[in-house]
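Visitor: Take this structure first; my questions come after.
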Amino acid sequence: MIVKVISKEIITPSIPTPKHLNLHNLSLLDDLNSPVLMPLIFFYSLNPSLNPQINTKFPLNTMLDRLKTSLATTLTKFYPLAGRINDRNYVVCNDEGIPYVQTRVNTHLIDVVNNAEVCDLDNLLPCKPNGPSKLPLAIQVNIFECGGIAIGLCINHKISDAFSVLMFVNNWSIIARCGETNCGSYLLHCFDVAKLFPLTNDVSNKYVFKNKKSVSKRFTFDEISIRSIKSKYMIGNEKVSFGLVLLAFIYTRIVATSQSINVLPYVVSQAVNLRSKINSTAQNNCFYFGNVFLDAIAPPSVANEVRAEMFLEMVEQMRKAMMKIDSNFISKIQNGTQDLAYVTDRLDRAQRRKIAMLAFSNYSGLPVYESDFGWGKPVWVTSATLPMTKIVIFIPSQTATHVDVYVNLNNEDMKTLESDHEFISFCTKNLCSKL
């Protein structure tokens, strides 16, 4: 796959940001996250037989121009994304703009979807998502030989979680498809997270985790394979979500395959979206932009010894940890009676190499496939090389018939995981069901 850059430019908001909005304060929850660029790529097929909703009356150049003009309009709503992260406290909303790249790709979209390695997908991004960055957002629009389009984004984790970037892209697509005046109440967003969770003590500047040489891989699990995992490892007919089954399975296989390499006990975390749990006077709780999640953390095992009961123990521990993060728990954080020591202690112990962290994030239930720019909804949404080691991300397919699991490990751990028959036997072929 050869990706040829056609143009590079900076897109700024179509209307200057008002002076009273020139500073966007970061929240306590933002401060817990590193300023690294997280990748996300949306693939669109312009084949009418696959996407009947495609508006074919506009030529490609007109559609690409509409992308840029609608992006400039969207940035007036999401003005922090056009600024720069000054330090840990705030974003300077100075309308400096976002890098915007347009490319041509010498292959067909279906070939990339079905055959590309994760490292190949990095070519569809505007920048390499590694190391700290002050840039909130960068975008690359890739046009394939077949006419298909992939929109690659790198968004800074310091100011945005997965829900927020999806909210931005969905708003952008509505403006591109309908025009700003016809969007009505769809353009919902709220930047008041710092008022709910004001910044207190310095957290993020204390912890610097260098991204050692690592590799990201994609593994696909369909509904049948997940049911098979549950049937093999679970006792009885307990009601356990597919996400929790996959988390426990991947954790146990990583422990089993890396025990000769990694002697540190693993601490496993799962990101929990707080938006529906927040008690506030805001009408649109579900549309808070920023990092509005906390990690549910399962306690570390005494050692990474592989035991038959590990799977069930992880399911139960993580289920309890996730249930603990309820509206009452969040209210205590807001009023100061509950601190975040359970999170910062984990960071401190990892910094001192007392534990190894394994962080999970599940995009199931998020509006992953809602962004329709006028070409229909995406046929595939994917991540790429992840900027930090020992991260696992679940992204569902459009039809929810399978889940793509993106795993980032150091090279040795990845080699042993890929050679693990028990792990690979449950994986299915990487295939986009819509193509």
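The values are calculated or read from the model by the stated rules, or taken from the named source; none is laboratory data. Note that the coordinates shown come from a computational prediction; the quantities given were computed from them, not determined experimentally. No Cβ is skipped: glycine too gets one built from the backbone with ideal geometry, and neighbour counts run over all protein chains shown.
Visitor: Within the stretch 143-152, does at least one residue satisfy the condition of being of a type in the set (A, V, I, L, M), closer than 24 Å to N273 by Cα and either assigned by TED's automatic domain parsing to the domain that holds A271 or not in a helix (DSSP H, G or I) (or both)?
Guide: Just the residues of the stretch 143-152 that are of a type in the set (A, V, I, L, M), to begin with: 143, 149-151.
Retained after the next criterion (residues that are closer than 24 Å to N273 by Cα): none.
No; the residues of the stretch 143-152 include none that is of a type in the set (A, V, I, L, M), closer than 24 Å to N273 by Cα and either assigned by TED's automatic domain parsing to the domain that holds A271 or not in a helix (DSSP H, G or I) (or both).
Visitor: Starting from the stretch 229-254, take each residue that is more than 12 Å from M314 (Cβ to Cβ) and list its partners that are at pLDDT below 95 and among the acidic types (D, E), counting only C-beta distances under 8 angstrom and pairs at least six apart or across chains.
Guide: As it stands, the answer is F242/E223, since those pairs meet every condition given.
Visitor: Where the second residue is outside any strand (DSSP E or B) and basic (K, R) and the first is assigned by TED's automatic domain parsing to the domain that holds E223 and lies in the stretch 383-397, which pairs have Cβ atoms under 7 Å and are six or more apart or on separate chains?
Guide: Filtered contacts from the stretch 383-397: T389/K212.
Visitor: While we're looking at this one, here's another question. Kindly list the number of the only condition in (1) at pLDDT 90 or above; (2) in contact with a strand residue (DSSP E or B) (Cβ under 7 Å, 6 or more places away or on another chain); (3) outside any helix (DSSP H, G or I); (4) of a type outside the set (D, E) that fails for Y251.
Guide: (3)
Visitor: So is I139 under 24 Å from F219 (Cα atoms), at pLDDT 95 or above, touching a helix residue (DSSP H, G or I) at 6+ places or on another chain (Cβ under 8 Å) and surrounded by 22 or more Cβ atoms within 10 Å (Cβ to Cβ) or not?
Guide: Against the criterion (under 24 Å from F219 (Cα atoms), at pLDDT 95 or above, touching a helix residue (DSSP H, G or I) at 6+ places or on another chain (Cβ under 8 Å) and surrounded by 22 or more Cβ atoms within 10 Å (Cβ to Cβ)), I139 does not qualify.
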